[in-house]
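To start, the structure itself, in structure tokens.
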Amino acid sequence: MFQRSEELAETHTQLIKKDFIDNVDATFKFIPSKEKSEFPEKKKILAVDDEPINLKILATILNNDYLVTTVTSGHQALAELERESFDLVITDVMMPKVTGYELTRLITKRFSISELPVLLLTARSHTEDIMTGYQSGAKDYISKPVDTLELRARVNASTRLKVSIEERIRMEDAWLQSQIHPHLFLIHLNSIAALADIDVNKMQELLEEFSHYLRLSFDFRNADPIVPLSQEISFVRSYLYIEKVRFGNRLSVQWDIDTDLDVFLPPLSVQPLVENAVKHGILKKENGGAVYIHIKKHSNHIKVSVNDNGKGMTENEISELFIEKKSLERTSVGLRNVDRRLNQLYGKGLIIQSIPQIGTTVSFYLPYNI
């Protein structure tokens with residue numbers, strides 16, 4: 001009788017393992033390709049000129065292929081950039097109060113030339129005028145009176161370059177997240193195998209979470225500009241579940257998330273912060289510690305913060321997180337990309353506060369109007 005029970009338990013365990021292997025196999029085989037829309041989204045252009053007739057001409061030339069917003073001053077342009085994201089700014093050089101050069105310099109304080117290119121319209125085509133434009137941060141220039149074909153060609157080149165760079169950044173982050181290191185994969189499998197002789201139900205739960213984690217790691221939506229908050233949180237929960245089983249009492253997790261948060265955010269923007277807190281904060285201390293995930297509503301924004309009571313960092317260590325290195329170490333590269341994508345979308349990146357041996361808090365803000 002006892003032998004029969006043992007045989008049934010072993011058969012049950014083998015079925016669970018087979019089910020997991022099938023799920024993992026399906027995960028690696030089923031990596032869907034993202035279908036391109038038959039009607040691609042139009043790129044958005046902000047046109048700035050103090051002469052309404054010039055704006056009307058620009059809109060007439062570009063409206064068929066782009067979404068053109070027009071303003072008549074540099075101050076209005078800066079206000080529009082606070083409210084909405086654009087793919088290109090076209091500005092006249094000779095404007096009162098804020099010239100095109102000054103506007104370009106103000107734009108490049110927030111955006112790099114690849115994040116938001118600026119095309120200058122100028123009636124002055126002397127070498128020194130062109131040099132002034134480039135020195136102020138302009139991507140390109142075009143002389144007045146505007147030639148329709150030349151304008152379209154230069155606008156197309158500038159917007160295509162921006163889109164390709166943004167795609168590269170998103171794909172880099174998605175690619176880095178999909179890199180499941182072989183030794184970590186084996187560690188997780190060993191944890192699962194160890195549970196087979198201790199707690200079959202617990203083992204089955206871990207198998208399901210690991211399978212879910214793998215599927216989300218390879219999800220093609222990780223290359224999208226934004227995803228639902230619920231998707232990101234689901235990924236974080238699976239990651240933390242696996243690590244909690246692996247490290248036991250050395251890792252404690254606390255959640256504080258407001259309900260009814262139907263918002264979007266850049267993919268892989270919370271998970272790298274949590275992973276960094278676990279690996280480089282909590283687990284660097286012998287007794288481990290706790291990680292806290294807070295996502296809270298405020299009057300005009302949603303604050304996302306991840307804090308831990310781990311190893312902490314010095315100011316020099318914080319600054320080194322954002323220095324480009326040749327190493328492809330996933331966490332540091334992930335943090336840089338998160339910061340860069342947040343800056344592109346919202347104008348503000350990661351906020352890091354840390355005290356050595358006390359802990360670290362990393363946070364960012366999601367505006368309601370984006």
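Looking only at residues that are more than 14 Å from S238 (Cβ to Cβ) and in contact with a strand residue (DSSP E or B) (Cβ under 6 Å, 6 or more places away or on another chain) in the range 267-288, which one is surrounded by the most Cβ atoms within 10 Å (Cβ to Cβ)? Looking at residues that are more than 14 Å from S238 (Cβ to Cβ) and in contact with a strand residue (DSSP E or B) (Cβ under 6 Å, 6 or more places away or on another chain), I get L273. Cβ-Cβ contacts under 8 Å between residues 6 or more apart (or on different chains), taken from a first residue in the range 97-110 that is hydroxyl-bearing (S, T, Y) to a second residue that is assigned to a loop (DSSP other than H, G, I, E, B), are listed as T99/V93; Y101/V93; Y101/S136; T104/S136; T104/G137; T104/A138; T108/S136; T108/G137. Please determine, by comparing only the residues of the range 252-266 that are surrounded by fewer than 19 Cβ atoms within 10 Å (Cβ to Cβ) and outside any loop (DSSP other than H, G, I, E, B), which one is farthest from the chain's Cα centre (by Cα). Per the criteria, the residue is S252.
Modelled with pLDDT of 85 or more, in a helix (DSSP H, G or I), over 17 Å from T361 (Cβ atoms) and over 18 Å from the mean Cα position of the chain (by Cα): does that describe L283? In short, yes.
Might you let me know whether the range 296-314 holds any residue that is in a loop (DSSP other than H, G, I, E, B), closer than 22 Å to I282 by Cβ, touching a Ser or Thr at 6+ places or on another chain (Cβ under 6 Å) and at pLDDT 85 or above? Yes, the conditions are met somewhere in the range 296-314.
The values are calculated or read from the model by the stated rules, or taken from the named source; none is laboratory data. As the structure is a prediction and not an experimental result, all values here were calculated from the model. Because the Cβ atoms are built from the backbone with ideal geometry, glycine has one as well, and the counts that use them run over all protein chains shown.
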